[in-house]
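Quick notes on the structure that follows.
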Amino acid sequence: YGLKSEHNEPRFFPDSKPLKSHYDVVIIGGGGHGMACAYYLAKEHGITDVAVLEQGYIGGGNTGRNTTIVRSNYLTPEGVKFYDTSVKLFEDLADDFDLNIFYSTRGHFTLAHTDSALRTMRWRAEVNKHQGIESEVVGREEIAKEVPYMDLDCAGHAPVMGALYHAPGSVARHDAVAWGYARGAHNRGVEIHQKTRVTAIRTQGDKVVGVDTDRGAISCNKVISMVAGSTPRITSMLGLRTPIEIFPLQACVSEPVKPFMDTIVVSGSLHVYVSQSSRGELVMGASVDPSVLHSTRSSFDFVEGLADQMLDLFPFMSRMKVMRQWAGMSDITPDFAPIMGKTPIDGFYLDAGWGTWGFKATPVSGKTMAWTVANDKNHELIEPFRLSRFADFDLVGEKGAASVGH
Ligand code: PYC
């Protein structure tokens, strides 16, 4: 704040202005998705009379709480096409922003420890290849060559039988993604208001006309909710029913160590995933917590359970220290696909239901939601994820593409 960069530009954002009484578009949620949507509204559609309202700070929700994995090896053609667009956007994002987002292509192994897991990997590989995505099932020898420090016998508990290998699997600096979008949106005229909580959404008939906030009321033509784990709080303001349930998803990082792991390793059966960050920390997570809870508290149980499974694969980690742990709130749908696009309320758009995989959708969600809002019509990539699919029994079953069990 207040500091100037070497190009004499304000560092990221100037101090927040007072709220105006009217905006064309209000985006609720200043995470990656909200910032990306604001960026593409301004950049691609010339819509700049936009306020992003964030109850905390930019990227302080699930954007800053995930394990930064980017991949497109989903199970359904709809999911694969959507996430492949995101991977391609991610690859150009640093140039687009003129900001290093530490995008690092690592290769992604999803281990199979049972015949049925291997069958799902084959299924995913075929769907992926059909859509032009690099994914293949590999055997123990190939895994041992690429991940030589892993015990493929898993201490005899659940030997690895093979894996789905996805070469484009990557990691990126999550804060930089949110900041890059925020700076780009801000430079194009979008207003970003942190510490601004939406307390009500106003309607007239079936049409959105404004929002109330803890800093005053605003009238607007369109409202987009992009708040992940806070979705039920927002949709309840409109009496809008969705099948979303919130489960905490916890993660942690180890102390930094010399780089040794350049791939991403996931085991759905052992409920673990791990990669090594550019700072040398091991970034690790497990499955979602077993019960519905609107909370970001992290627990000792989580670290204990994670360590137990992780040591089966990487026994040499037994002396490494855990440095930080945290939790996010995952908004999970019955078919494990997101809910995106128009809603029965005119002018109210939803970007939700990201469950355990929202970070990797940041660019594509921003781009397709911006198009949807600008054209008041669902973008073709998100039409399969419309809210009405639950009433039409037209689900997009993605549970088999989850990194870990749920
Ligand atoms: O979808 O790749 C993923 C993921 C990793 C950790 C949680 N979700």
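The values are calculated or read from the model by the stated rules, or taken from the named source; none is laboratory data. Keep in mind it's a predicted model, so treat the numbers as computed, not measured. Positions of Cβ are backbone-derived with ideal geometry, glycine not excepted, and every protein chain shown enters the neighbour counts. We work out accessible area using only protein heavy atoms, side chains counted, and drop any ligands, DNA or RNA first. Shrake-Rupley method; radii C 1.70, N 1.55, O 1.52, S 1.80 Å.
Of the residues Ala391, Ala251, Ala155, which exhibits the maximal mean-square fluctuation in a Gaussian network model of the chain defined by a 10 Å Cα contact cut-off?
Its mean-square fluctuation being the largest, the pick is Ala391.
Under the definition of Cα pairs under 8 Å and six or more residues apart, what whole-number percent is the relative contact order of the range 319-406? Could you put the intermediate results ahead of the total?
Values: 100 pairs, mean separation 28.1, N = 88.
Answer for the range 319-406 is 32 percent.
In what sequence, largest accessible area first, do Arg119, Arg124, Arg319 appear using a 1.4 Å probe?
Numbers: Arg119 145, Arg124 5, Arg319 205 Å².
Descending accessible area places them as Arg319, Arg119, Arg124.
Compute the long axis of helix 77-97 from its Cα atoms, compare it with the longest principal axis of the Cα atoms of the chain, and write down the angle in degrees, 0 to 90, nearest 10.
Here the helix axis deviates by roughly 70 degrees.
Which value at 222 nm does the chain reach when only helices count, each DSSP H run of 4 or more adding -39,500 (n - 2.57), with the total divided by all residues and rounded to the nearest 500 deg cm²/dmol? Walk me through the numbers before you get to the answer.
On the way: 9 runs with 110 residues, N = 406.
Mean residue ellipticity at 222 nm (helix-derived): -8500 deg cm²/dmol.
If I build a Gaussian network model for the chain, linking alpha-carbon pairs within less than 10 angstrom, which residue out of Gly355, Gly305, Gly341 has the largest mean-square fluctuation?
Highest fluctuation among the options: Gly305.
If exposed means no more than 10 neighbouring beta carbons inside 10 Å and the site is in a DSSP loop, what's the longest run of the chain without any exposed chymotrypsin sites (Phe, Trp or Tyr not before Pro)? It would help to have the intermediate numbers written out before the result.
On the way: sites that count: Tyr1, Phe393.
Value returned for the longest uninterrupted segment is 2-392.
Could you do me a favour and compute the accessible area per residue for the range 255-367, 1.4 Å probe, result in Å²? Each step should come with its number before you reach the end.
Details: 4510 Å² over 113 residues.
Counting only protein heavy atoms, the per-residue value for the range 255-367 is 40 Å².
Output ³J(HN,Hα) for the range 17-31: one whole-Hz value per residue in order, computed from phi by the Karplus curve 6.51 cos²θ - 1.76 cosθ + 1.60 with θ = phi - 60°, and x for Gly and Pro.
Once θ is set to phi - 60°, the couplings for the range 17-31 become 8, x, 5, 7, 7, 8, 9, 5, 10, 10, 9, 9, x, x, x Hz.
Report the paramagnetic label zone for Tyr149: residues of the range 276-308 whose backbone N is under 14 Å from a point 7 Å from Cα along the Cα-to-Cβ axis.
Under cut-off, by backbone N: 276-284.
In nm, to one decimal, how far is the modelled label at Ser318 from the one at Ser236, with both set 7 Å along Cα→Cβ?
The two pseudo-label positions are separated by 4.7 nm.
Taking the chain as the reference, fit the longest principal axis to its C-alpha atoms, fit the long axis of helix 300-313 to the helix C-alpha atoms, and give the angle between the two in degrees, 0 to 90, nearest 10.
Roughly 40 degrees between the two axes.
Keeping all protein chains in position, work out how much accessible area Glu304 exposes to a 1.4 Å probe, and write it in Å² to the nearest 10.
For Glu304, solvent-accessible area is about 100 Å².
Where does helix 362-375 land angle-wise versus the long Cα axis of the chain, in degrees 0 to 90, nearest 10?
Once rounded, the angle reads 30 degrees.
Skipping prolines and chain starts, which residues have an amide H placed within reach, meaning under 5 Å, of the one on Ser330, given they are 5 or more residues away or on another chain?
Phe247, Leu249
Which whole-number percent gives the relative contact order of the range 164-250, counting Cα pairs below 8 Å spaced six or more residues apart?
Details: 62 pairs, mean separation 12.6, N = 87.
Contact order relative to length: 15 percent.
Just the accessible area per residue of the range 106-168, please: how many Å² with a 1.4 Å probe?
49
I'd like the distance separating the alpha-carbon centroids of the range 310-357 and the range 362-376, in whole Å.
About 21 Å separates the Cα centre of the range 310-357 from the one of the range 362-376.
Below 8 Å between Cα atoms, with a sequence gap of 6+, how large is the relative contact order for the chain in percent?
Working: 938 pairs, mean separation 93.9, N = 406.
In percent, rounded to a whole number, it is 23.
For the range 59-101, report the accessible area per residue in Å² (1.4 Å probe, heavy atoms, rounded to an integer). Provide the component values of the computation, followed by the final result.
Details: 1550 Å² over 43 residues.
With the other protein chains kept in place, the range 59-101 gives 36 Å² per residue.
Can you give the FRET efficiency to the nearest 0.05 for Asp212 and Asp95, using r as the Cβ-Cβ distance and R₀ = 60 Å? Could you put the intermediate results ahead of the total?
Values: r = 40 Å, r/R0 = 0.66.
FRET efficiency, Asp212 to Asp95: 0.90.
Quote the FRET efficiency, to the nearest 0.05, computed for Glu126 versus Asp392 with a Förster distance R0 of 35 Å and r equal to the Cβ-Cβ distance.
Working: r = 27 Å, r/R0 = 0.77.
Result of the calculation: an efficiency of 0.85.
Could you look at the chain and say what percent of its accessible area is carbon and sulfur, using a 1.4 Å probe and all protein chains?
Working: 8720 of 17240 Å².
Summing carbon and sulfur atoms, their accessible area is 51 percent of the total for the chain.
In what sequence, largest accessible area first, do Ile382, Ile345 appear using a 1.4 Å probe?
Largest accessible area first, the list is Ile345, Ile382.
For the chain, with a Gaussian network of springs between Cα atoms less than 10 Å apart, report the residue from Ser254, Ser72, Ser299 with the top mean-square fluctuation.
Looking only at Ser254, Ser72, Ser299, the biggest GNM fluctuation is shown by Ser299.
Rounded, prolate or oblate for the range 133-262? Axes are the square roots of the Cα gyration tensor eigenvalues, ordered a ≥ b ≥ c, and the cut-off for rounded is a/c under 1.5.
It is prolate, given that a/c is not under 1.5 and a/b is the larger ratio.
Considering just Cα atoms, how many Å³ per residue does the convex hull of the chain enclose? Kindly include the intermediate steps, with their values, before the conclusion.
Values: hull volume 55.5 nm³, N = 406.
It comes to 137 Å³ per residue, whole-number rounded.
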